[in-house]
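As structure tokens, the structure follows; a few thoughts come after it.
The values are calculated or read from the model by the stated rules, or taken from the named source; none is laboratory data. Note that this is a predicted model, so its numbers are computed, not measured. Glycine also receives a Cβ, built like all others from the backbone with ideal geometry; neighbour counts cover every protein chain displayed. What goes into the accessible areas is simple: the full protein's heavy atoms, side chains included, and nothing from ligands, DNA or RNA. Shrake-Rupley method; radii C 1.70, N 1.55, O 1.52, S 1.80 Å.
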Amino acid sequence: AVDRVVLTACGERAALDVEGAPEVFTLFDIASSVVDASTDGVVATIEDLHRRLLARSPTDAETDALLGLLSDPLSGEEFARLSCFVIATTPEFIFQ
């Protein structure tokens, strides 16, 4: 059940940031139709989400894992939703 709640919350926040002035996903163009690992602000977004959700910086392995989501380009909104979901469904976040 936690994963469904998190997916909904992450999806709603991403949609709100696409529709209006971004509040969480501000470090890259969330409205972009194509985002890949070289897009400006993607790594900074990963770091920001880790700090917001886990109160720490990501390890290199965690950053690489999230960049792996972009092995096939995604839209900015898809990347926002998925990166939020991945971090917020870790045991570290759930049991924090």
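Where does each of I94, I87 land when they are ordered by accessible area, with a 1.4 Å probe and the largest first?
I94, I87
Given a 1.4 angstrom probe, I'd like the percentage of the accessible area of the chain that is carbon and sulfur, rounded to a whole number.
Roughly 56 percent, rounded to a whole number.
About the Cα centre, and with charges only on the beta carbon of Lys, Arg (+1) and Asp, Glu (-1), how big is the dipole of the chain? Nearest 20 debye, please.
Approximately 360 debye in magnitude.
When all protein chains stay in place, what accessible area (Å², nearest 10, 1.4 Å probe) is found for D64?
Here the accessible area works out near 100 Å².
Leaving out ligands and nucleic acids, note down the accessible area per residue over the chain with a 1.4 angstrom probe, in whole Å².
I get 56 Å² per residue for the chain.
Per 10 Å bin, what is the whole-percent P(r) computed from every C-alpha pair distance within segment 57-96?
Reading the bins upward from 0: 27, 54, 18, 1.
Would you please calculate the Kirkwood hydrodynamic radius of the chain over all C-alpha pairs and express it in Å, rounded to one decimal?
Across the chain, the inverse of the average 1/r is 13.2 Å.
Which loop GluC sites (Glu not before Pro) in segment 1-85, with loop taken from DSSP, have no more than 16 other Cβ atoms within 10 angstrom of their Cβ?
E23
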